[in-house]
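The values are calculated or read from the model by the stated rules, or taken from the named source; none is laboratory data. Fair warning: this is a prediction, and the values are worked out from it, not measured in the lab. Reconstructed Cβ throughout: ideal geometry from the backbone, glycine too, with neighbour counts over all protein chains shown.
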Amino acid sequence: MRTGMAALLGVVMALTAMPLTTAAAQEEPEQEIIVKFREGASRSDALEKSRTRAVADAVDGAEVLASRDAAESIRVLMARGDVEYAEPNIVLESTAVPNDPLWPQQWHYWEQPGGIDLSQAWDQGPSGLGQRVAVIDTGRTWHPDLTANYLGGYDFISNAGFAKDGNGRDANPMDQGDWRLAGQCGAGSAARPSSWHGLHVAGTVAALRNNATGGTGVAPSAKVVPVRVLGTCGGTLADIAAGILWAAGGAVAGVPANPHPAKILNLSLGGPSANCPPMLQNVLNTVRNTHGATVIVAAGNDNVNAAGFTPANCGGVITTAATDRQTNKTSYSNFGATVEICAPGGETSPLAANGVLSTLNSGATVPAASIYKHYQGTSMASPHVAGVVALMQHARVQQGKAMFTPAQAWFYLKAKPHAVAGQCGKGRLDARASVAAAIAAP
């Protein structure tokens, strides 16, 4: 597992832009930046000189500011000696690639050569019982094959327009739908229906088993803590970082303590960034080193080096690329030295059945009927890894042994992976071998 930040090439960022009123049509839209002042800083002078205004507090002692010229404000702030960092409040998005529905079996669990040998892992005893996996995503959606495994959760989307629930952060983690109109998320952005992305990801982690309904998840007895950070136009860095910290049991100002902290965090999201933003890296360091949480992230779906995609380029995370049914790296998956492991992400073209099958909802906007559907993406690969980590930790408990630290979980996860053609880090996820290694470890 990497422990440092990658040094990378130029930044491509998506900044949150609010709709202009008629009166303000000639002005540039406000953009958000994240700033952390050093102790004793002249904050009011900094805001005046950088032409910014305070919007909200953020984690890591930082705050969110609004500016009409984010790049210039960041330049002014970083030239000061009393500013630790200033960066765009970039917007990250889910990494799924939707496809048309079919109803085949879940080849990604059991089939050779493309599956993860899940049945053989279960044969060794673990089911994920007692483990909590935080799915930091679009939120919770009712489904007969998953709802019994949901536990707690919170909505961290501070932008009411993104959230579609009429307010900012609140204790209701329900996915309100992330459909968007053409142009709603920036000039040229396409219209799309709701993805129910968090439901699909959560189903891969912990859909129920042996209930005569639908499919199953990797760790069917684990609990999913839904942390809502992605809405209509994605999610801001400030909201995502707060959700990560809270999910692991860290304190977030203005938010009640998490009564169900998770030791496994899944982040099937990301966006272009030349490096791991300082606030995000600091939060990831805290959840790993202070709260003992193992963090699994998606590598991204642009078929480029994952070193330019965050949080895949952050230190201390398990960056997961995607393989297809024949164990090849998928056509869309990001790659490179940043990737630690590969897992099935599916390839739905030309055949939808070659995608990853999981729980979903049929609603084009708001929730409707519960269904199952094939998706493809590194978003679908990472929850396979999160589920296997839950199996490994349950296996440790069954053996009367101490649960793994994040470093140990990664060490034994990569102990004996399936071989795979290049660009997949230590290899392809092998649930059977990973559970066996967890049982055998002292």
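Structural remarks
- Any hit, the stretch 277-287, residues being within 26 Å of TRP107 (Cβ to Cβ) and either at pLDDT below 95 or in contact with a strand residue (DSSP E or B) (Cβ under 9 Å, 6 or more places away or on another chain) (or both): no
- Test: residue in the stretch 248-255 that is within 17 Å of the chain's Cα centre (by Cα), under 30 Å from GLY61 (Cβ atoms) and hydrophobic (A, V, I, L, M, F, W, C): yes
- Among the criteria (1) in contact with a Phe, Trp or Tyr (Cβ under 9 Å, 6 or more places away or on another chain); (2) at pLDDT 95 or above; (3) surrounded by 21 or more Cβ atoms within 10 Å (Cβ to Cβ), the one ASN303 does not fulfil is (3).
- In summary, ARG325 fulfils each of the numbered conditions (1) part of a loop (DSSP other than H, G, I, E, B); (2) surrounded by fewer than 24 Cβ atoms within 10 Å (Cβ to Cβ); (3) out of contact with any Gly (no Cβ under 9 Å at 6 or more places or on another chain); (4) not aromatic (Phe, Trp, Tyr) with the single exception of condition (3).
- Residue count, the stretch 121-162 (criterion: within 27 Å of GLY270 (Cα to Cα) and modelled with pLDDT of 95 or more): 26
- For the stretch 419-430, filtered to residues that are surrounded by 20 or more Cβ atoms within 10 Å (Cβ to Cβ) and more than 21 Å from the chain's Cα centre (by Cα), the residue that is modelled with the lowest pLDDT is VAL420.
- Of the helices (runs of 4 or more DSSP H) lying entirely inside the stretch 38-157, the ones with 2 or more residues being within 28 Å of the chain's Cα centre (by Cα) are found at 70-78, 107-110, 118-122.
- The residue that is surrounded by the most Cβ atoms within 10 Å (Cβ to Cβ), among those in the stretch 359-382 that are among the hydroxyl-bearing types (Ser, Thr, Tyr) and over 17 Å from the mean Cα position of the chain (by Cα), is THR359.
- Residue check for THR290: closer than 30 Å to PRO261 by Cβ, surrounded by 23 or more Cβ atoms within 10 Å (Cβ to Cβ) and not hydrophobic (A, V, I, L, M, F, W, C): no
- Here ALA66 meets the list (1) at pLDDT 95 or above; (2) touching a Gly at 6+ places or on another chain (Cβ under 9 Å); (3) hydrophobic (A, V, I, L, M, F, W, C) almost entirely, failing just condition (2).
- Test: VAL252 is of a type outside the set (Asp, Glu), in contact with a Gly (Cβ under 9 Å, 6 or more places away or on another chain) and not in a helix (DSSP H, G or I): yes
- Within the stretch 318-332, the set of residues being out of contact with any Lys or Arg (no Cβ under 8 Å at 6 or more places or on another chain) and either of a type outside the set (Ser, Thr, Tyr) or more than 18 Å from ALA386 (Cα to Cα) (or both) comprises ILE318, ASP324, ARG325, GLN326, ASN328, LYS329, THR330, SER331, TYR332.
- Candidates GLY177, GLY183 - the one that is on the phi > 0 side of the Ramachandran plot and surrounded by fewer than 17 Cβ atoms within 10 Å (Cβ to Cβ): GLY183
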